[in-house]
Amino acid sequence: MSTVILVTGGSGLVGQAIKHVIENEPVGSRFGKKENETWIFASSSEGDLRDPAQTRKLFDKYKPTHVIHLAALVGGLFRNMKYKLTFFRENMVINDNVLHAAYETKAQKVISCLSTCVFPDKVEYPLDENKIHLGLPHDSNFGYAHSKRMVDIQNHAYKEEFGCNFTSAIPTNVFGPYDNYDLEDAHVIPALIHKCYLAKKNNTPFVVAGSGKPLRQFIYSRDLAKLFIWQLREYDDVEPVILSVGEDEEVSIKEVADAIVEAMDFKGNYTFDTSRADGQFRKPASNKKLLSLIGGFEFTPFKPALAESVKWFLDNYDTARTGIKKQ
Ligand code: NAP
Ligand code: GFB
């Protein structure tokens, strides 16, 4: 029986990481491609998923048996703070179109992608899968966070009414090759990699936004990719799974900036702009459920993963998503 896996958002940071793993891991291995599998990595040029007709057309074209649904309007703290309604509406529409097309075309399984920012801001730490709906998310991204929480609600409703095998993953902050490096819209790591690169090139100060004190857990995109492949093959439950490094792997934004300065060999002036927002102070997520199910997983240590990501950016600056018009 042939298996067709459609990865929506296949051209983005996480999508490209899954593509890298499927193309480079040994065929037949735990995280490698299986003989009977066809993998489709779709970008928005193959269909705007905000449009139900284009979404249905994509599903009719590929007839996926399985879906890893990554496509979304995505961005860092400052983009989220600026466009809360747009993040809510666009992601609500994209998720509803994809889940309903999957239901109508009888896909056997869908894994949707949430984020640890869905968790309540004020709740007992560490965050775990049972705490998603126990209070309001942080104010800085409530639009995006609520749209993602609704996917968990939709998954349970599709299961109860139609018996669908729809589930979700909850990654922590992700970084790696093929990220979005737009100076205003990006997440902290790609934004600071780009800012440090420009500071070195133009001999200007490297300015980090905020106090540098907030704490985050970061997972390397190619590790996350393997965990999505595991969930696709070995996890059949509607309840979400946090896909993250351990809660003891939290690092401060200052430690992140220091590591980027080191990886970029930057010797210039390096300051913090405390007039800019810090956002949520921390969102420590437990990966106990994941490790209890997958039986142990070797995460790439932060610094070598960051060095690989910086090297990819420097090698691909001309084609990367920098938000800067290229000559
Ligand atoms: P990304 O790099 O910005 O990629 C977004 C992907 O979605 C691209 O392939 C994009 O296609 C596609 N897309 C966007 N709008 C679309 C539309 N209207 N129709 C069709 N496709 C559309 O994002 P990412 O960081 O890989 O995020 C992937 C998933 O992980 C998202 O669901 C996100 O919420 C989740 N997540 C990300 C992080 C993180 O730190 N990055 C953390 C937790 C969860 P084009 O390339 O054609 O624009
Ligand atoms: O990755 P980030 O933008 O988002 O990280 P969140 C924000 C932290 O990095 C804040 C600091 O404490 C910022 O003050 N920071 C320092 C910077 N310099 C910069 C910079 O140049 N750009 C950015 N972006 N931050 C997001 C959610 O929250 O996490 C999204 O808003 C999503 O919805 C994402 O869930 C994974 O971790 O604060």
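What to note about this one:
One line per residue, one yes/no per condition, for (1) within 24 Å of Leu227 (Cα to Cα); (2) within 16 Å of ligand 1 (Cβ to nearest atom); (3) not acidic (Asp, Glu):
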| position | (1), (2), (3) |
| --- | --- |
| Ile94 | yes, yes, yes |
| His100 | no, yes, yes |
| Ala107 | yes, no, yes |
| Cys113 | yes, yes, yes |
| Cys117 | yes, yes, yes |
| Glu129 | yes, yes, no |
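- Of all residues in region 90-127, those being within 15 Å of ligand 2 (Cβ to nearest atom), over 14 Å from Ser140 (Cβ atoms) and in a helix (DSSP H, G or I) number 5.
- Within region 149-175, being within 23 Å of Thr65 (Cα to Cα) and not hydrophobic (A, V, I, L, M, F, W, C) holds for Asp152, Gln154, Asn155, His156, Tyr158, Lys159, Glu160, Glu161, Gly163, Asn165, Thr167, Ser168.
- Filtered residue count, region 53-82, keeping only those that are more than 20 Å from the chain's Cα centre (by Cα) and in a loop (DSSP other than H, G, I, E, B): 3
- Looking only at residues of region 86-114 that are of a type in the set (S, T, N, Q) and surrounded by fewer than 21 Cβ atoms within 10 Å (Cβ to Cβ), we find that the one that is nearest to Val174 (Cα to Cα) is Thr86.
- Residue check, Lys195 basic (Lys, Arg) and part of a loop (DSSP other than H, G, I, E, B): no
- Screening Met81 on (1) touching a residue at least 60 places away in the same chain (Cβ under 8 Å); (2) among the aliphatic types (A, V, I, L, M); (3) within 21 Å of Glu239 (Cβ to Cβ) shows it passes everything except condition (3).
- Top-ranked residue in region 115-158 [being farther than 19 Å from Phe218 by Cβ and β-branched (Val, Ile, Thr); ranked as surrounded by the most Cβ atoms within 10 Å (Cβ to Cβ)]: Val151
- Consider region 142-188 and keep the residues that are among the β-branched types (Val, Ile, Thr) and more than 30 Å from Asn316 (Cβ to Cβ). The one that is farthest from the chain's Cα centre (by Cα) is Ile153.
- The set of residues in region 169-211 that are of a type outside the set (A, V, I, L, M, F, W, C), within 7 Å of ligand 2 (Cβ to nearest atom) and under 30 Å from Phe41 (Cβ atoms) comprises Asn173, His187, Lys195.
Conditions (1) in contact with a Phe, Trp or Tyr (Cβ under 9 Å, 6 or more places away or on another chain); (2) modelled with pLDDT under 95; (3) at positive phi; (4) among the basic types (Lys, Arg), marked per residue:
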{"site": "His194", "(1), (2), (3), (4)": "yes, no, no, no"}
{"site": "Leu198", "(1), (2), (3), (4)": "yes, no, no, no"}
{"site": "Asn203", "(1), (2), (3), (4)": "no, no, yes, no"}
{"site": "Val207", "(1), (2), (3), (4)": "yes, no, no, no"}
{"site": "Ser211", "(1), (2), (3), (4)": "yes, no, no, no"}
{"site": "Pro214", "(1), (2), (3), (4)": "yes, no, no, no"}
{"site": "Gln217", "(1), (2), (3), (4)": "no, no, no, no"}
{"site": "Asp223", "(1), (2), (3), (4)": "yes, no, no, no"}
{"site": "Phe228", "(1), (2), (3), (4)": "no, no, no, no"}
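- Out of Leu85, Leu49, sole residue that is within 14 Å of ligand 1 (Cβ to nearest atom), closer than 30 Å to Gly279 by Cα and either modelled with pLDDT of 95 or more or assigned to a loop (DSSP other than H, G, I, E, B) (or both): Leu49
- Checking the stated criteria, Thr38 turns out to be among the hydroxyl-bearing types (Ser, Thr, Tyr), assigned to a strand (DSSP E or B) and either in contact with a Ser or Thr (Cβ under 6 Å, 6 or more places away or on another chain) or surrounded by fewer than 18 Cβ atoms within 10 Å (Cβ to Cβ) (or both).
The values are calculated or read from the model by the stated rules, or taken from the named source; none is laboratory data. The model shown is predicted, which means the values in this text are computed figures rather than measured ones. So basically every Cβ, Gly included, is an ideal-geometry build from the backbone, and we count neighbours across all protein chains shown.
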